[in-house]
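First the structure, in the form of structure tokens, and then the observations on it.
Since every read-out is calculated from the coordinates, none of them should be taken as a lab result. Just so it is clear, the structure is predicted and the values come from calculations on it, not from any experiment. We place every Cβ from the backbone using ideal geometry, glycine too, and count neighbours over all the protein chains shown.
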Amino acid sequence: MKRIDPSLLETLTGQAAISPRMRAHHNLHPKLDDPVQRLCIAMEPGTYVRPHRHAEPETWEILLVLRGAVALLMFDDKGQVQERIELTTDKEAGAVEIPANAWHAVASLVPGTVVFEVKQGPYVPTAEINYAPWSPADGEAAQRLEAWYHHAQTGDIWPEV
């Protein structure tokens, strides 16, 4: 039996806090080609999740907050926020299913945040075609975009598009 318990969450958040990417993950699936990918991801504020979609291969994605809070942003093709949902353990929304082909990104809102992710496998590294073309890959512009996530609302558009 595999357990997601406070000890695992503490270990993951400790790893994320010292990671250059400010993230750490723990796979529950036994191998990368498993048909169902299941993992815990610790995310600290400031970690950059580039806007992306799951189009090639096409798959849905489920996010469930185990601890802390994230802002989930759904975008159109031009970078305009179509929806913003704050997922927390103590508000109305703790989990969502993101449809295939939908541009999205998440931002960790508080230290010690851990999400549980489920999506169809096998694991395939994200191809460039699945990253929003208007989003920066890394660097200073990526840091500005991640900071913008924290206050972006429905209807807003990333000003550097």
TODO: Calculate the length of the line joining the C-alpha centroid of the stretch 46-96 to that of the stretch 104-146, in whole Å.
DONE: 9 Å
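By how many nm would the segment from Glu86 to Leu8 lengthen if fully extended, with 0.36 nm per residue of separation less the alpha-carbon distance?
Numbers: separation 78, 0.36 × 78 = 28.08 nm, distance 2.36 nm.
Going from the current span to full extension adds 25.7 nm.
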TODO: Per DSSP H run of at least 4 residues, take -39500 (n - 2.57); add these up for the chain, divide by its residues and hand me the 222 nm value, nearest 500 deg cm²/dmol.
DONE: -4500 deg cm²/dmol
- [ ] Quote the charge dipole size of the stretch 6-149 about the Cα centre in Debye, to the nearest 20; the model charges only the Cβ of Lys and Arg (+1) and of Asp and Glu (-1).
- [x] 240 debye
Task: 3J(HN,Hα) from dihedral phi, the stretch 67-84, Karplus parametrisation 6.51/-1.76/1.60, rounded to Hz, x for glycine, proline - done: 7, x, 7, 10, 9, 9, 10, 10, 10, 8, 5, 9, x, 7, 5, 8, 7, 10
Task: Positive dipole terminus of the chain, leading residue within Gln82, Leu72, Leu28 (C-beta point charges) - done: Leu28
